[in-house]
Amino acid sequence: MKSRRQFIKISSLSAAGLIFGGGLLDSLASTILKENQSYFKGPFDFTRTPTYCEVCFWKCAGWVYKDENGKIKKIIGNDDDPNCNGRFCPRGTGGVGMHYDEDRLKTPLIRTEERGKQTFREASWDEALEYIASKVKKIKEEHGPECTALFSHGSGGKYFGRVLKGFGSRNIAAPSYAQCRGPREVAFIATYGSGINSPENTDIRDTKCLVLIGAHIGENMHNGQVQEMSDAIDKGATIITVDPRFSTAASKSKFWLPIKPATDIALLLSWMHVIINEELYDKKYVEKYTYGFDQLKAHVKNFTPEWAYGITTIKPDQIRETARAMAHAAPAVIVHPGRHVTWYGDDTQRLRAVAILNALLGSWGRRGGFYNPDKASVPHYHLPPYPKPEKTWRDAMGGKYALADLALASGVCDASIPTPELDCSIRGWIVNGTNLINTLPDQKKTIDAIQKLDLLAVIDTMPMEITGYADVVLPECVYLERYDSLRISQGREPSIALRMPAVDPLYNSKPAYWMARELAKKLDLLEYFPFETIEEEIDWELKQVGSSLKEMQKIGVKRLEREVDDLYFADGEDIEFNTNTGKIELYSTALEEEGFDPMPVYTQHPEPSEGFYRLIYGRAPMHTFSRTANNPNLTDLMSENSVWVNPKVAKEWDLQNDQYIYLENQDGVVSDFPIKVRVTERIRWDSVYMVHGFGHADKRLKRCFGKGVSDTQMITNVMIDPIMGGTGMRGNFVTFRFDNKKTEV
Amino acid sequence: MRYAMAIDTKKCVGCSDCVVACQTENNVPIGYCRDWVVEVMDGTYPQLEIELRSERCNHCENSPCVRCCPTGASHYADGGIVLVTKNECIGCSACIASCPYDARYVHPDGYVDKCTFCLHRVKKGMQPACVAVCPTKCMYFGDLDDPRSDVSKILKKRKHKTLIPEAGTKPQLYFLI
């Protein structure tokens with residue numbers, strides 16, 4: 001079938017309209033250097049403006065410093081910010097590159113047909129927004145208002161969400177749920193009646209034992225957690241890392257358990273067995289707060305370390321020793337719930353096992369375990385009620401995934417592919433700040449869904465792959481150039497942070513709030529945007545909590561008093577948990593009601609066949625997904641990913657360090673680009689590893705085009721979590737190829 | 001006064017924040033760096049060890065770069081910090097060849113550039129940019145002659161080493177092990 005919507009490289013176009021050439025950085029740097037003749041007379045007296053970072057979801061608050069020419073020079077953490085304590089991570093420090101990246105989207109674009117060939121033409125803002133408005137109105141007339149969906153990651157999503165809700169659609173999804181932390185939230189809600197949320201309520205600072213299962217803190221640069229892990233190391237905490245790869249965290253650990261991939265549940269059940277069998281659990285806590293201990297005890301009776309050894313390859317004495325180490329530290333112990341946990345399709349159950357283990361150790365609500373987070377309650381201006389949609393994406397799911405507490409990005413994507421069983425076919429997508437091509441697994445399915453749409457509007461700062469499939473592209477200015485809603489973070493102390501522009505937007509880019517409000521105007525939804533500018537709205541909100549925009553512009557971050565209960569449970573305190581039984585449910589009544597195993601069960605997952613290796617992916621500290629791949633400062637630190645190969649495997653295949661090879665997965669998908677081999681003992685012989693977010697296929701991303709392999713391209717086998725619809729992505733196997741010639745099928 | 005830096009290899013996660021913070025603080029052009037991260041791995045799966053180190057100029061007490069500089073551009077400044085006066089530097093690169101730590105590079109503007117321990121910040125009572133930004137707080141900076149300085153205290157408490165001590169340059173960059 002000829003595709004209706006071609007992938008268009010934006011490159012050919014906007015080059016002509018370039019205002020700033022590639023030489024900007026060089027000339028800026030040399031100007032500063034020339035004027036700064038002495039080492040001792042640096043340009044110090046910068047004016048500073050507050051911001052919170054948009055390079056990842058941790059949203060650290062900081063200060064943007066400018067040089068004497070009014071150009072952004074550096075970004076430094078705000079000392080008062082509990083998320084970063086004055087220390088930005090490499091991505092936040094390198095955030096300046098988001099502003100200076102000369103490959104940014106520069107002006108609105110509309111897809112058009114010229115001599116039978118699809119292309120983009122530059123458009124005015126009014127024209128681009130009118131295009132979107134007329135399309136969503138048409139979709140509403142023909143199919144219903146709920147048939148336009150929003151995919152969002154990042155600050156701008158809120159404003160488009162407001163437009164969509166006002167319009168009558170609740171199909172608003174973020175890939176941070178079903179492709180990332182969703183199973184964790186569902187598992188902890190099922191167990192404790194509340195999720196983990198972000199930043200995680202892990203009390204790492206005061207823990208005596210930190211257990212990481214596949215979580216690679218230090219490589220994932222979740223700033224507060226990295227800082228606290230370092231504090232914990234200083235205080236002599238025991239770290240236990242379970243990972244088939246010798247991660248950075250593993251290298252800081254007293255115990256590294258090099259587990260066979262996909263067998264974590266067996267290890268967790270076996271730990272429970274030891275802790276219950278040796279009576280190491282917190283008896284008072286379990287008796288007072290939990291439900292279903294006897295059933296759990298019976299359930300794990302046969303899951304001995306010897307049983308688990310056969311499955312996990314972790315020696316029984318190591319399983320016992322680590323279980324005892326956890327119990328010894330309890331309740332100041334954290335079996336960390338991780339963050340990106342959509343691995344094998346039984347992820348909610350694996351995270352349930354993590355939640356249960358924490359309950360046995362009595363760590364939930366205890367110092368050094370999990371604290372009770374608090375979040376500032378900042379009143380929002382009262383908006384008229386949103387119309388109630390007749391249908392949502394859930395109607396297209398046939399009653400599945402009832403326990404998902406947020407919309408599934410993959411579910412909305414599925415609901416865009418019309419089939420006889422689906423009754424909510426989505427016809428329009430608005431995509432804000434998420435490169436769905438590299439975010440959702442099974443690229444073919446994503447592109448198929450896109451082909452069936454009547455509208456794809458993309459808001460981004462960079463010409464990411466998703467923009468190439470768009471009908472309309474709206475260039476957002478970067479976070480250093482705009483106001484956004486207040487950051488309202490949960491934490492030990494509630495805090496709010498302000499983002500304001502340090503400089504004017506470059507090119508013809510605009511803030512998302514402005515775009516959404518202009519769109520709302522065209523859809524007669526201005527009642528949902530009573531303030532003309534976001535800063536007026538923020539000022540109103542700040543005044544409700546005894547601050548003001550003026551104050552926040554000076555301080556950037558404000559810590560507020562805790563409003564709710566204490567950080568930890570008091571000794572013997574009566575607690576009502578928000579579960580069916582009011583207790584911590586070791587035995588889940590909610591899962592049982594929905595027809596799922598009330599206690600986690602280990603099931604065997606497929607293993608790689610001869611010559612194939614399990615594809616494991618992860619993070620590098622200097623990059624966030626594919627978002628930073630073209631950032632000049634961060635690309636300078638890491639410009640491509642590599643595939644980690646165990647020396648035994650390398651020998652078998654005669655692979656050398658730094659050699660470039662292609663990868664092919666179990667479904668015959670060959671990588672678009674070659675990837676550098678890294679021969680290293682740090683990875684098991686049955687797996688390979690790569691950092692996510694590379695292998696970009698859009699030439700307009702000049703620095704990162706064709707650099708490395710996109711793990712997402714290799715993920716075609718998706719194992720859906722039956723409980724909440726998470727997309728398990730670690731059941732893909734790859735082999736090595738020395739060319740990328742496509743084999744004829 | 002004797003400025004020195006200690007880096008805790010047990011806490012460093014190799015994130016390279018020190019590198020990018022130095023670049024933005026000191027206008028180091030993209031593609032160059034005054035500090036960098038080294039990962040040393042030892043062993044066979046699953047008996048492995050990794051040492052992570054943020055490295056830079058060692059501000060040696062007996063610096064071959066200062067000795068070999070024909071113009072005197074490379075010199076000792078306050079507290080033993082080794083500096084290059086760029087308008088006296090002719091870019092001959094003799095210092096680059098003499099440095100056992102490979103800590104210097106030729107700036108695109110033609111002079112030799114390197115870590116200054118952020119003396120411009122230190123003079124204002126601030127920490128070097130790399131130390132101030134490090135999320136793991138694995139770096140300690142200060143005056144070794146002052147027993148109350150962060151660096152003096154940590155070196156007293158912890159086992160440490162220097163790199164290539166056999167070169168006899170008396171490096172002032174210490175690694176906690």
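Read-outs: derived from the displayed coordinates by stated rules, not from any lab. Just so it is clear, the structure is predicted and the values come from calculations on it, not from any experiment. Reconstructed Cβ throughout: ideal geometry from the backbone, glycine too, with neighbour counts over all protein chains shown.
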Requested in this report: Taking the Cα centre of segment A:403-559 as origin, sum charge times position over the Cβ atoms of Lys and Arg (+1) and Asp and Glu (-1), and report the length of that vector in debye to the nearest 20.
Outcome: 500
Query raised in the report: If we count every other residue with Cβ under 13 angstrom of residue B:156's Cβ, Lys/Arg +1 and Asp/Glu -1, where does the sum land?
Result: +3
Requested in this report: Could you list which residues have their amide H under 5 Å from that of residue A:431, counting only those 5 or more apart in sequence or on another chain, with H placed in the peptide plane?
Outcome: A:151, A:457, A:458, A:459
Requested in this report: Please report the orientation-averaged projected area of chain B, defined via the convex hull of its C-alpha atoms, in nm².
Outcome: 10.8
**Report entry** Cα-Cα separations in segment A:613-737 greater than 20 Å, expressed as whole percent
**Finding:** 43
Report task. As a check on your grasp of the helix formula, calculate [θ] at 222 nm for chain B: sum -39500 (n - 2.57) over DSSP H runs of n ≥ 4, divide by the residue count, round to the nearest 500. Result -> -5000 deg cm²/dmol
Query raised in the report: So what is the relative contact order for chain A, in percent, with contacts set as C-alpha pairs under 8 Å and at least six apart?
Result: 19
Query raised in the report: How many nm is it between the label spots at residue A:563 and residue A:581, if each spot is 7 Å from the Cα in line with the beta carbon?
Result: 3.2
Report summary line: Note, residue A:476: beta-carbon cut-off 15 Å, +1 each Lys/Arg, -1 each Asp/Glu, net 0
Query raised in the report: Counting only residues 5 or more places away or on other chains, whose amide H sits under 5 Å from the amide H of residue A:642 once H atoms are built in the peptide plane?
Result: A:691
**Report entry** Ranked list, fewest to most other Cβ atoms within 10 Å of each Cβ, for A:575, A:240
**Finding:** A:575, A:240
Query raised in the report: Which number do you get for Rg(Cα) / (2.2 N^0.38 Å) in the protein assembly as shown?
Result: 0.94
**Report entry** Integer Hz, Karplus 6.51/-1.76/1.60 couplings in order for segment A:620-637, x for Gly and Pro
**Finding:** 10, x, 9, 9, 10, 6, 8, 4, 9, 4, 9, 4, x, 5, 7, 5, 5, 7
Requested in this report: Would you kindly derive the ³J(HN,Hα) couplings of segment A:348-363 from the backbone phi angles with the Karplus curve 6.51 cos²θ - 1.76 cosθ + 1.60 (θ = phi - 60°), listing them in order in whole Hz, with x for Gly and Pro?
Outcome: 4, 5, 5, 6, 4, 4, 5, 5, 5, 4, 4, 5, 4, 7, x, 8
Report task. Provide the net charge surrounding residue A:558, with neighbours chosen by a C-beta distance below 9 Å and charges set as Lys +1, Arg +1, Asp -1, Glu -1. Result -> -1
Query raised in the report: Taking a temperature of 20 °C and a viscosity of 1.002 mPa s, what whole-number D in µm²/s does Stokes-Einstein yield for segment A:461-579 with Rh from Kirkwood over alpha carbon pairs?
Result: 122
Query raised in the report: What ratio of Cα Rg to 2.2 N^0.38 Å holds for segment B:76-177?
Result: 1.18
Report task. Please give every one of the lysines within straight-line cross-link reach of residue A:288, meaning a C-alpha to C-alpha distance under 21 Å, and leave out same-chain neighbours fewer than 8 residues apart. Result -> A:297, A:583
Query raised in the report: Measuring from a point 7 Å past the Cα of residue B:36 along Cα-to-C-beta, which residues in segment B:136-177 have an amide N at less than 17 Å?
Result: B:163-164
Report summary line: Longest principal axis of chain A (C-alpha) makes with the long axis of helix A:157-167 (C-alpha) an angle, in degrees to the nearest 10, of 80
Query raised in the report: In debye, nearest 20: dipole of the protein assembly as shown around its Cα centre with unit charges on the Cβ of K, R (+) and D, E (-)?
Result: 1560
Report task. Please give every one of the lysines within straight-line cross-link reach of residue A:260, meaning a C-alpha to C-alpha distance under 25 Å, and leave out same-chain neighbours fewer than 8 residues apart. Result -> A:252, A:301, A:315, A:648, A:651, A:676
**Report entry** Rounded to whole Hz, the Karplus (6.51, -1.76, 1.60) HN-Hα couplings of segment A:514-528, x for glycine and proline
**Finding:** 4, 4, 5, 5, 5, 5, 4, 4, 5, 9, 6, 10, 4, 4, 8
